[in-house]
Every structure is written in structure tokens, then in C-alpha cells.
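The values are calculated or read from the model by the stated rules, or taken from the named source; none is laboratory data. The structure presented is a predicted model; accordingly, all values stated were derived computationally and were not measured. So basically every Cβ, Gly included, is an ideal-geometry build from the backbone, and we count neighbours across all protein chains shown.
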Amino acid sequence: MNLSYRIYYVFLRNLVSYKRFVVPTFLVSLVEPLFYLITFGIGMGAYMGQFGGKPYLYFLVPGVLVSSVMMSSTFECLYGTFVKMIHEKLYDSLIATPVSAEDAVAGDIAWAVFRGLVSGSLMMLVAILMGILPGSLISSLLLLLLMIFVGILFASLAMIVTSVSPSFDFFNYYTELIITPMLFFSGVFFPLDRFPAWMKTLSNFMPLTHAVKISRAVFSGEYESGLILNFLVILVLEMIAFYIGIKMMKKRLIK
Amino acid sequence: MSILVSAKDLVKKFGSLTAVDGISFEIREAECFGFLGPNGAGKTTTVRMIHCVSPVTGGTLIVNGLPAHINNRALKKMTGVIPQEIALDNDLTVYENLIVFAHFFDIPKREAKKRIAELLKFVELEAKRNSKIDALSTGMKRRLLVARALLNNPKLIVADEPTTGLDPQARHLIWQRLRQLKSQGVTLILTTQYMEEAQQLCDRIVIMHQGKILKEGLPSKLVEEEIGREVVEVRIPKEEDEKIIQQLSSFSCGHERVGDTLYFYCRDGQGLMKRLIELDLHNYLTRPATLEDVFLKLTGRGLIE
């Protein structure tokens, strides 16, 4: 792994180019959570009654927070990176400078994490404005920290997919067969306890399930010791994905 | 003069395909060294190994005293690359393209700004400073690539077919700039398919074909040695070749038949021309021998795909 501080330069390049897209992406990041919170939270919530003594929105918001991070960082490392690699040949220019292939890929992952963090924080802001408040200020800060870990995980996983992708179409397999089901089987919208046993087992293999559990606990400030295991799953998985993602991208970039 | 790049038995394989097949060459400091060859000859693959973006499969390749390697940041730092493809950052403006690139080389911001102003002047793009890349012509894009390659004050410049697709004005401007850099002591490595470009810029060239070096030398000497001074093209039916060649045998010119044309390669074409007039043959053309003749003679006049 030939990583260096130049990751920051790659991040900076993305930030400079982002200036042009900042308004539309902020709008999307604001409208999407509103859409979720209004349709699911208020619409469905009206039929849901109380969840552990609180309105449904308190159940929904922490899950939607991490899933929006998942979506943003995934899409950035799928489409964003693919365009830069194939259509704009940006990586080819980068690796001819002292920036290594590893720096370039890690820089893009860092950027995707930032995008995820922006989406997640905007979502949190909307929730707060709607009166759905995290347990404490510390909860809010911990949630931001969690978003970073979740972002690294999904950005790195997406990098692995991008490294073997022949075209845009290939991404559909990943988004439709893995990411979308994950959204529904990870306990974001409803609790998992009424699922049959096999589905519960399945959901444990989905990284988002663990992120949602932590997010919900942090949001409410009601911690339990099992969360350490959830966190370890995310940590170990993301270290592996980060390593493999960079290695595989390097293999594609350097011939 | 000291040697900047030295390759010995250099090999590059992509799976079962051998792109560079055991070549050896030396490039001196402050010279312009050209790699000529048809598509797929291995020119680009060779220079990509020199500027450390492609790993060497076999043999040795030393650049500025260090082995070329994809992790050799020191070599990348002293090299400027003008790529074959127009790989500019389309999301950024002309100025942003340069300032972002300056970061990659650790150039401090104040210095970078000064350098960018100089370079935009050098490539005559000052007026386009804040334009988006889409708004530039191909010539402007190529000039911007030249400016970008110079940000780090490179000791070595690798130009991979730098004038592909340009009109004559734009092409001459790039040639002038490259010559100017060479006169400042920069070493220039050029790959090209344009023989005129090689003759305009290069001190020494190698002609590559199918991964091997066929010839090496000074452009003018190669022409003289391989072809002579003049080429006489005679367009006659193939059946008459034998007769004509015999009639012209006293001039000791080399000859070659390709398609509808019989080529004579002569030290002096005057006598041969006179004789052609006497023979009442009109469909001929005489011209000075060029590097293109050498190139075609060595790599074959047929299409290479």
C-alpha cells in the first residue's frame, strides 16, 4: 500500500470540481430525506402507533440517517469514480504525477465519505427542524462519527464493484441486488423481530443492519454492550473492503 | 554528455502479448530523442515505462540514475508528461486544471500562481484562463496539456504524439515551444507517427516495429544511408518492371515495387530522370528522400493494423 498525504490533494481536486454541483446536490440531499420522513414517517407513522414509547419518526430517523450515508458514498464511488476513470481519464493523469494509484483511489474514497457525511448531516438537520431531536449533543457528534465509518465501508465496497465493472450497466446488479434489498432488510423502516428466523440471520450478514442498530442506540442515548460487536463488524469489514478495493482498482489502473 | 535514460534488454508483456521485445537504447541529457513507429509498435508502452506509470516486465531501465518503477515518486516529480489522449479535467476551468495539478507536485500556492501565469503566456492561453475545457479547441487543449506538463519545471519531458489532430498553426506553435524548452536544457522524449515532426524536433531517433528497434541514428543520416538523396516514383504496370529496371540499371539506384508504383532510391536522381524522359515515360515524380521513405522501407508499405 503506497499511501501518502497526497490523498488530501485528490480530495481537494474533488472539492474544487464540486463547486459547480453544490446547489443541485444539496437540494437532492435535502429533498430526499424530506420525502422519506414525510411519506414513511408521517404517512405510515400515523398507523404505527408508538415504538418503544416514542413516535415512529424516532425509530425511522436514525435508520434513514445511515442509509442516506450508504447511498451517497456508494453512488459516488460507483458512478463518480467510473466517470473519472473511464470517461475523463483523470486517473491516468494522476498517476503520472507523484500521486500514486493508491493515493488516487483513497482520495476518491475520502471524497465519497465526505459526500455521505454531507447527506447524513443534512438529513439530521431536517429531522431536528421537524422536532426529532437526538438524545444529546454528544449523541449528535457520535452520529457524525458513525457516518464516517459507514461512509468508508460503503465507499470501499463500491470501489470493489467499480474495479471490475465493464460499464455503467454493471452497477445495476450491485444497486438493485445488494444495496436496495439491504435498505429493506436492515431494520431501517421496521423492526426485525417479527421476521422469520432465517431472515433475521440473513439480515445479520448485511452491514447496514449493524450500522442501523448503532445509529438507533446513539440517537436515543440508550446503549447496550452488544453494540461493540456491531461496531466491530463494521470496522473489520471496512478495513478489508478498503484494502481490497484499493488493490483491485490499482490492478485496473496500472498495466 | 551524460546519459539520462538507459534501457537494456527492456521487455514489456501484457499477458501473452509482447509489446516491447528486448530493446536497448540510451537517451542523453538535453537532447530530443524520438520513438517512431506505426500503431502498435511499442512506442507508447516504452515511454510509459520511462515515466513510471507502467511496470517493467524484464530487462533494466534506469532514469536519472534510478530504476524506473511505478512507486518512484522522485522520478515522477522531475518528469512532465504530455499525454497522447486529451486527459484534461473537464469539471474544472483552465486555471483550476493547472492549480489542482500543481498541488499534486507539492508546489506551494504562491509559486504555483506565478508559474501558471507564466505558462499560460508561454502557450498563449492567457485569454482562456477562466474558460471551461469544453469551450476550448483541440489546439488549445493540447497547449494546455503542454502547460500542465511544465508546472513542475521538469528535467525530462515525455511527449506522446503531442500534435495529433492539430492544424498546421497549432502544430508549429507546439513545435516551437518544445524546441524552446530543449534549448533551455530540458531532455525531450517524443513519440510520433509524423516524420516531419521527428525531423523538426529530434536529434536522434529510433524506428520501432513490432516491439523491436529496427534502426537508430540521426534523422538525416538515416535517410541518406537507407534511401539516398532522392526518390523517383514511376507509375507503370507491374509487367514492365523488369524491362525498366534493366534500362535504368546503370544508375545504381535501389528499387522497390509497391502497389501501382515502382520506387527508385538514388543518390542523384538527375541522370535517372533524364533517362526516363528519353524513354518517353511521363508518369513519374521525383522528390527529395525523407524520413517517411526510411520508415516505410523498414516497416513495410502495407497497412499495419
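In the stretch A:161-183, which residue that is among the hydroxyl-bearing types (S, T, Y) and in contact (Cβ under 8 Å) with a residue 60 or more places away in the chain is surrounded by the fewest Cβ atoms within 10 Å (Cβ to Cβ)? Walk me through how you get there before you give the answer.
Residues of the stretch A:161-183 that are among the hydroxyl-bearing types (S, T, Y), as a first pass: A:162-163, A:165, A:167, A:173-175, A:180.
Cutting the leftovers down to in contact (Cβ under 8 Å) with a residue 60 or more places away in the chain gives us A:162-163, A:165, A:174-175.
Working: A:T162: 25, A:S163: 22, A:S165: 20, A:Y174: 18, A:T175: 16.
The selected residue is A:T175.
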Given the conditions (1) crowded, with 21+ Cβ neighbours inside 10 Å; (2) modelled with pLDDT under 95, report the number of the one that B:G40 does not fulfil.
(1)
Tell me whether the stretch B:4-13 contains one or more residues that are modelled with pLDDT of 95 or more, surrounded by 17 or more Cβ atoms within 10 Å (Cβ to Cβ) and within 14 Å of another protein chain (Cβ to nearest Cβ).
yes
Matching residues in the stretch A:235-255 (surrounded by 20 or more Cβ atoms within 10 Å (Cβ to Cβ), among the aliphatic types (A, V, I, L, M) and under 17 Å from the mean Cα position of the chain (by Cα)) number 1
Within the stretch A:136-194, can you find the residues that are part of a helix (DSSP H, G or I) and among the basic types (K, R)?
none
Within the stretch B:28-65, residues away from every other protein chain (no Cβ under 14 Å) and in a strand (DSSP E or B) come out as B:R28, B:C32, B:F33, B:G34, B:F35, B:L36, B:G58, B:G59, B:T60, B:L61, B:I62
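Looking for whichever is under 17 Å from B:I157 (Cβ atoms) and among the acidic types (D, E) here; the options are B:E31, B:E26. Which one fits?
Details: B:E26 fails: under 17 Å from B:I157 (Cβ atoms).
Selected residue: B:E31, the only one of B:E31, B:E26 that is under 17 Å from B:I157 (Cβ atoms) and among the acidic types (D, E).
Is it the case that A:A104 is away from every other protein chain (no Cβ under 13 Å), modelled with pLDDT of 95 or more and either buried (at least 21 other Cβ atoms within 10 Å of the Cβ) or outside any helix (DSSP H, G or I) (or both)? Working first, answer last.
Details: away from every other protein chain (no Cβ under 13 Å): no; modelled with pLDDT of 95 or more: yes; either buried (at least 21 other Cβ atoms within 10 Å of the Cβ) or outside any helix (DSSP H, G or I) (or both): yes.
Considered against the rule, which asks whether it is away from every other protein chain (no Cβ under 13 Å), modelled with pLDDT of 95 or more and either buried (at least 21 other Cβ atoms within 10 Å of the Cβ) or outside any helix (DSSP H, G or I) (or both), A:A104 comes out as no.
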Every residue from the stretch B:217-273 that is under 29 Å from B:E26 (Cβ atoms), surrounded by 16 or more Cβ atoms within 10 Å (Cβ to Cβ) and out of contact with any Asp or Glu (no Cβ under 6 Å at 6 or more places or on another chain)
B:G217, B:P219, B:L222, B:V223, B:E226, B:G228
Specify the residue that is farthest from the other protein chains (Cβ to nearest Cβ); the eligible residues are those in the stretch B:66-99 that are assigned to a strand (DSSP E or B) and of a type in the set (S, T, Y).
B:T93
Based on what the data block shows, is A:T74 out of contact with any Asp or Glu (no Cβ under 9 Å at 6 or more places or on another chain) and more than 14 Å from A:F219 (Cβ to Cβ)?
yes
For residues that are under 19 Å from the mean Cα position of the chain (by Cα), assigned to a loop (DSSP other than H, G, I, E, B) and hydrophobic (A, V, I, L, M, F, W, C), tally how many sit in the stretch B:127-162.
0
Checking B:K155 against (1) surrounded by fewer than 21 Cβ atoms within 10 Å (Cβ to Cβ); (2) farther than 19 Å from B:L190 by Cα; (3) not hydrophobic (A, V, I, L, M, F, W, C): exactly one of these is not met. Which one?
(2)
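Scan A:S215, A:S186, A:S139 and give me the residue that is surrounded by fewer than 20 Cβ atoms within 10 Å (Cβ to Cβ), closer than 15 Å to A:P62 by Cβ and in contact (Cβ under 8 Å) with a residue 60 or more places away in the chain. Show your work before the answer.
Working: A:S215 fails: surrounded by fewer than 20 Cβ atoms within 10 Å (Cβ to Cβ); A:S186 fails: surrounded by fewer than 20 Cβ atoms within 10 Å (Cβ to Cβ).
The conditions single out A:S139.
Where in the stretch A:1-80 are the helices (runs of 4 or more DSSP H), entirely inside, with at least 3 residues that are within 14 Å of chain B (Cβ to nearest Cβ)? Walk me through it before giving the result.
On the way: elements: A:7-18, A:22-36, A:45-48, A:56-75.
Filter on the stretch A:1-80 gives A:7-18, A:22-36.
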Would you call B:E124 away from chain A (no Cβ under 13 Å), in contact with a helix residue (DSSP H, G or I) (Cβ under 9 Å, 6 or more places away or on another chain), assigned to a loop (DSSP other than H, G, I, E, B) and not polar (S, T, N, Q)?
yes
Among residues belonging to the stretch B:71-91 that are buried (at least 21 other Cβ atoms within 10 Å of the Cβ) and among the aliphatic types (A, V, I, L, M), point out the one that is nearest to B:S131 (Cα to Cα).
B:L88
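Among the candidates B:A112, B:A87, which residue alone is under 24 Å from A:F21 (Cα atoms) and of a type in the set (G, A, S)? Walk me through it before giving the result.
Details: B:A112 fails: under 24 Å from A:F21 (Cα atoms).
Exactly one residue qualifies, and that residue is B:A87.
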Selection from the stretch A:145-160 of residues that are over 16 Å from A:H210 (Cα atoms) and either in contact with a strand residue (DSSP E or B) (Cβ under 9 Å, 6 or more places away or on another chain) or surrounded by fewer than 22 Cβ atoms within 10 Å (Cβ to Cβ) (or both):
A:I160
